1. Only residues in the stretch A:227-254 that are facing another protein chain (nearest Cβ under 10 Å) and within 16 Å of residue A:167 (Cα to Cα) count as the first member; pair them with residues that are of a type in the set (S, T, N, Q) and surrounded by 18 or more Cβ atoms within 10 Å (Cβ to Cβ), Cβ under 8 angstrom, at least 6 apart or cross-chain, and list the lot.
2. Please find, within the stretch B:20-58, the residue that is surrounded by the most Cβ atoms within 10 Å (Cβ to Cβ) out of those that are among the β-branched types (Val, Ile, Thr) and free of Cβ contacts under 8 Å to residues at least 12 places away in the same chain.
3. Could you list, in sequence order, all residues of the stretch A:222-241 that are over 23 Å from residue B:25 (Cα atoms) and touching a Ser or Thr at 6+ places or on another chain (Cβ under 9 Å)?
4. Report yes if residue B:61 is more than 27 Å from residue A:87 (Cβ to Cβ), polar (S, T, N, Q), within 10 Å of another protein chain (Cβ to nearest Cβ) and surrounded by 19 or more Cβ atoms within 10 Å (Cβ to Cβ), otherwise no.
5. Counting only residues that are more than 9 Å from chain A (Cβ to nearest Cβ), under 27 Å from residue A:239 (Cα atoms) and among the aliphatic types (A, V, I, L, M), which one in the stretch B:64-108 is surrounded by the most Cβ atoms within 10 Å (Cβ to Cβ)?
6. For the stretch B:61-114, give me each residue that is in a helix (DSSP H, G or I) and among the charged types (D, E, K, R).
7. Out of the residues in the stretch A:118-138 that are in contact (Cβ under 8 Å) with a residue 12 or more places away in the chain and more than 9 Å from chain B (Cβ to nearest Cβ), state the one that is farthest from residue A:179 (Cα to Cα).
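The values are calculated or read from the model by the stated rules, or taken from the named source; none is laboratory data. Computed from a prediction, not measured in an experiment: that's the story for all the values here. Backbone-built Cβ (ideal geometry, glycine too); neighbour counts: all protein chains shown.
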Amino acid sequence: MESTIASMSKEEVLKISLTCGKLLLTSGAETYRVEDTMTRICAERGMHIAAVSTPSWIMVGDENVDGTSMVTRVTRRGTDLTLISEVNNISYHMPRWPHSFAETMAILDELSSRPAPSPLYSMIWSGFAGGFFAGVIGGGIWDFLAAFLGSFLSMAFIALVRPFRPSSFWETTMAGVIICFVTYMAHLFIPEVTMELAIGGGIMPYLPGMAFTNGIRDFMAGDLISGTSRAGEAIFLVGGIAIGIAAFLGIMYL
Amino acid sequence: MNLVLTIVIKTICSFFGTVAFGKIFNCPRNCLFKAGFVGAVGFGVYIVLLSGFGVSSMLSNFAGTVALSVCSEIFARWYKQPVPVFSIPGVIPLVPGLPLYRAMNYTMQNGYSMGMHTFVSAALDATAIAMGILLVSGLAKVYKTSKRLVAQVHFHDRL
């Protein structure tokens, strides 16, 4: 079966590829995946385009005198692996794509307007993540509970201040302070709680493992700007959580 | 015996921790436990080398990351999913969180040299993880390109 991409106009194909790229970038894909997907979709119509992407903007266009180009800006990035998987699936099916332009845009709009998970959901699961990682570094059941409580309450605080749009650095710093405070309180009331293990597990949801991994994969794909900025983001966030812990310990040791 | 039990418990914990991370990152539902398995493989190799065989922390981090990355590349081709679905939650158990706290704790108690020692060793662990990801994703790229080159050669032969 012939793909419907071949019968669309140049602008429509560019729009579809730009929307796919924007979905990928906002859900936390590596930039080389964004560029690769966009180039692939346009190649389906025989267009040789240049797609340029950094973690905060995408530019797509061709070299012709009367060529079309499009730009988009991405300010808030989250992590949504389901969305990456689905957009990947769409681009995989592009050679036999049965939908028209309007239908494709409707599908992509439906993907992008999917509601974010509720705060309680992320609170509970980051609590479990913190608790289990307290077990990973050798904690017992009390450390599990303290780390669960710390991660849960810090995520609750972040969900509370999210509407005011603070920077992610500030969020992680406050999360570090809250985790230390909760664990210290738990240690005061229940002496079985080891502060070291409970805090080490509790800060795990805030460590930038994803920015780190993506940054290295971007470097490997030859994308130096994105690699450097993601690695910078990772160092920045680690610094944030370290400052948070240090601030609380400094007050505690006064 | 006690050592084996500790290793098994820690690996099981890392499995469920990775699954919880998959939930936070909104991993596709049918890939959740596969991602957990990837995380448990990486952490299992790390902890067996570190406390079972007494290998240095850097080398066991490197070996664990290589195991996890190979596993996620294989799963990605097997289940037709992008690699990050498995590798992003899977690498989390190896990220050094405890040394970071220890370094800050020593520094705040005026033990600057001990704090720096811990911090640098944590940074070296992170570098080892980076080397592991780098190695495997570079090799995966070589494999993909070589398959395409081989296909081209066969195509020309047939002409």
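1. Listed by first residue and then by second, the contacts come to A:241/A:172; A:241/A:173; A:243/A:173; A:244/A:172; A:244/A:173.
2. My answer is B:24.
3. Listed by number, the residues that qualify are A:223, A:225.
4. no
5. Per the criteria, the residue is B:68.
6. Within the stretch B:61-114, B:73, B:77, B:102 meet the criteria.
7. A:119
A quick yes/no check of all residues on (1) more than 23 Å from residue B:17 (Cβ to Cβ); (2) of a type in the set (Asp, Glu); (3) more than 19 Å from the chain's Cα centre (by Cα); (4) modelled with pLDDT of 90 or more:
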site: A:134; (1), (2), (3), (4): no, no, yes, yes
site: A:139; (1), (2), (3), (4): no, no, yes, no
site: A:144; (1), (2), (3), (4): no, no, yes, yes
site: A:147; (1), (2), (3), (4): no, no, yes, yes
site: A:154; (1), (2), (3), (4): no, no, no, yes
